[in-house]
Amino acid sequence: MLIEAVKRIKPKVHVFGHIHEAYGEITIDGTRFINACSCSLRYKIEHPPVIVDFPILVKNNGPKIYDMTGLTVEEEEKKKAKEQEEDEDDEESEGSASDQEDYEVEDEDF
């Protein structure tokens, strides 16, 4: 069930650590999965800590939280809305091209 939530939410980073023998990371569909376990199966510390940097910048008018792309949450929402509008425009233009009337070629040698 957790993986279904991750697929739906599509976070930039998903950190976990219970599976001791699977230490490491992989990026799938834009989500960075990090198994940050420290211990082996015998609970001996074997792996170094995992460090993930999250850029958080402070502007003159107070703190603004930035996502991992460097955009503020507001900028990211505007970007997504713009991309959605462009996708809708593309779908409309594809539909209008397919709605064009068929034509016949009058020259039989063509």
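Miscellaneous remarks
- Just so you know, in segment 43-52 the residues that are of a type in the set (A, V, I, L, M) and in contact with a strand residue (DSSP E or B) (Cβ under 7 Å, 6 or more places away or on another chain) include one that is modelled with the lowest pLDDT, and it is V52.
- Lone qualifier among P63, P55 - being modelled with pLDDT under 85, loosely packed, with under 10 Cβ neighbours inside 10 Å and touching a strand residue (DSSP E or B) at 6+ places or on another chain (Cβ under 9 Å): P63
- Residue, nearest to Y23 (Cα to Cα), within segment 36-55, restricted to residues that are part of a loop (DSSP other than H, G, I, E, B) and among the aliphatic types (A, V, I, L, M): A36
- Condition check for E25: more than 15 Å from the chain's Cα centre (by Cα) and assigned to a helix (DSSP H, G or I): no
- Here D90 does not fit the description of being assigned to a loop (DSSP other than H, G, I, E, B), at pLDDT below 80 and among the acidic types (D, E).
- Under the condition of being under 18 Å from E76 (Cα atoms), hydrophobic (A, V, I, L, M, F, W, C) and exposed (fewer than 13 other Cβ atoms within 10 Å of the Cβ), the residues counted in segment 1-52 number 1.
The values are calculated or read from the model by the stated rules, or taken from the named source; none is laboratory data. Predicted model only: the values in this text are computed from it and were never measured. Cβ coordinates were reconstructed from backbone atoms using ideal geometry, including for glycine residues, and neighbour counts include every protein chain displayed.
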